[in-house]
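**Q** One structure is given below, represented as structure tokens, and several questions about it will come after.
Every number here is computed from the coordinates shown, using simple stated rules; none is lab data. A quick note: this is a predicted structure, and the numbers were derived from the prediction, not measured. With ideal geometry, Cβ positions are generated from the backbone for all residues, glycine too; neighbour counts draw on all protein chains shown.
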Amino acid sequence: MPAFALEPEQTAWCARLRTLAARRLRPLADKGEPGRVNRPLVAELGRLGLISRLFDSGALALCLMRESLAYACTEAETALALQGLGAHPVHAHGTPAQRERWLPRVADGTAIAAFALSEPGAGSDAAALALRADGEKAEDAQGAGTQRDAALGGGPVAEADGPRRWRLTGEKCWISNAPEADFYTVFARTTPGTGARGVTAFLVPADRPGLTGTALEMLSPHPLGTLGLDAVPVTADDVLGETDRGFRVAMGTLNLFRPSVGAFAVGMAQAALDATLDHTRRRDAFGGKLMDLQTVAHQVAEMALRTDAARLMVYAAATAYDAAAPDVPRRAAMAKLLATETAQYVVDTAVQLHGARALRRGHLLEHLYREVRAPRIYEGASEVQRGIIAKELYATHAASHTPREAP
């Protein structure tokens, strides 16, 4: 399917989602407490079958869902996305037992998932993770396990007769849905001094001993917090994917969700643009309507131009992901970068054209103004996306061009 056009069925589905969000999800969102997990809202997303679609649809469908929900109810959009972000590693890399235990509950909205990657000293540089996974070995009756561990420096040891064990120690920060999630996808360093190659992903239920959390009060209204891990026990049964290859789990998840962050931004930009069209068409100013002023008309045109360009970039990235194209990291970074920066511009311009009324608590644009800032930071800040784009461009160029020898 071309990235620049949607099928009529897709367009109709998006319209139904916007209506559904306004009628059934918006009232539940309004009853929620900012900064807290809204479990009734998540449960309704489950009842409507929207969460399960995260796992049986492609990237384009995910983007269409996020854009449509964001237009009418950003809280519902974010609740849906966080379920997907936290549970996608389980869906894509989990064992049959892990999937059977958690995915049905995530899908029906009775279990809250979270993606725990960032740390106080490792936000944009995800490969600099410091949370330790200190290896243990189940002791046999003669205590030989302890002796072998000591001989190997205390690292995790492969067992022929039992699973490996680790203790997770450190801190995670800026974790969405923390500390209220029911389980966390936690990324920890299993092999020191190896950068991205020594990271392992673990599925950590919230009731594990040594796991604590604190909520953070943030500008954005969705739940966010810190996690403290004090020798939290995990075993090989909790590993997602392979030991020391958790960075692939993280990046694979982000490559899917980064374009859809762009879709979230596009939904907000479209809502701000539509509100501005309505306001400038009705507002009296200088003997006419606000829309009659050339400077206003040009600003509105620029808002629409940038919003459509961002939407096309998001759809192109999602289509590339669904086609398993080799340039997904670059396209995903471009989509997130352009769409989030565009949404910031569009919402800010909308506020300016509305004037002081847009800053009153409860106004749509006041809400969007608070919501739109965070996506330029999370899941890789704008500066990180530029770095990814440049790295991918140079790698592609080097692979396809042989330098000519100097005369």
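**Q** How high is the relative contact order of the chain, in percent, counting Cα pairs under 8 Å that sit 6 or more residues apart? Walk me through the intermediate numbers first.
**A** Values: 754 pairs, mean separation 64.1, N = 407.
Value for the chain: 16 percent.
**Q** Show log10 I(q)/I(0) for the range 1-76 at q = 0.11, 0.21, 0.24, 0.25 Å⁻¹, two decimals, from a solvent-free Debye sum over equal Cα scatterers.
**A** These q points yield log10 I(q)/I(0) values of -0.29, -0.94, -1.16, -1.24.
**Q** Next question. Search the structure for amide H atoms under 5 Å from the amide H of residue 381, placed 1.01 Å from N in the peptide plane, and list their residues when 5 or more places away or on another chain.
**A** For residue 381, whose amide H was placed from the backbone, there are no distant partners under 5 Å.
**Q** Rank by packing, highest mean first: peptides 208-220, 56-68, with packing defined as the count of other Cβ atoms within 10 Å averaged across residues. Spell out each step's value before the answer.
**A** Values: 208-220: 14.4, 56-68: 21.8.
For the peptides 208-220, 56-68, the packing ranking is 56-68, 208-220.
**Q** Which aspartates and glutamates, if any, have their Cα less than 14 Å from the Cα of residue 391, not counting same-chain residues under 8 positions apart?
**A** 327, 383
**Q** Right, something else. With each label point set 7 Å from Cα along the Cα-Cβ vector, what nm distance links residue 400 and residue 23?
**A** 4.8 nm
**Q** If I histogram all Cα-Cα distances within the chain using bins 20 Å wide from 0, what percent of pairs lands in each bin?
**A** 26, 53, 19, 3, 0
**Q** Between residue 363 and residue 128, what is the spin-label point distance in nm, taking each point 7 Å from the Cα along the Cα→C-beta axis?
**A** Here the answer is 3.9 nm between the modelled labels.
**Q** Sticking with this structure for a sec: Taking the alpha-carbon centroid of each part, what is the distance from the range 28-106 to the range 310-379 in angstrom?
**A** 19 Å
**Q** Something else: So, counting K/R as plus one and D/E as minus one, what does the shell of residues with Cβ under 14 Å around residue 195 add up to? Intermediate results must be reported in sequence, preceding the final value.
**A** Numbers: positive: 189, 197, 245, 248; negative: 125, 244.
After counting each charged neighbour, the total is +2.
**Q** So, by mean Cβ neighbours within 10 angstrom, what's the order for 90-103, 236-249, 351-364 with the highest one leading? Could you put the intermediate results ahead of the total?
**A** Working: 90-103: 16.8, 236-249: 20.0, 351-364: 14.0.
Averaged packing, sorted descending, gives the order 236-249, 90-103, 351-364.
**Q** Counting Lys +1, Arg +1, Asp -1, Glu -1, what net charge surrounds residue 289 among other residues with beta carbon under 13 Å of its beta carbon?
**A** Values: positive: 281, 282, 283; negative: 278, 284, 292.
Combined, the nearby Lys, Arg, Asp and Glu give 0.
**Q** Same structure, new question: Between residue 10 and residue 33, what length in nm is gained on full extension when 0.36 nm per residue of separation is reduced by their alpha carbon distance? Please report the intermediate quantities before stating the final value.
**A** On the way: separation 23, 0.36 × 23 = 8.28 nm, distance 3.28 nm.
Taking residue 10 through residue 33 to full extension adds about 5.0 nm, to one decimal.
**Q** In a shell of Cβ-Cβ distance under 14 Å around residue 39, excluding residue 39 itself, what net charge do Lys and Arg (+1) and Asp and Glu (-1) give? Walk me through the numbers on the way to the answer.
**A** Values: positive: 31, 36, 47, 105; negative: 33, 44, 75, 108, 180, 182.
With Lys, Arg at +1 and Asp, Glu at -1, the neighbours total -2.
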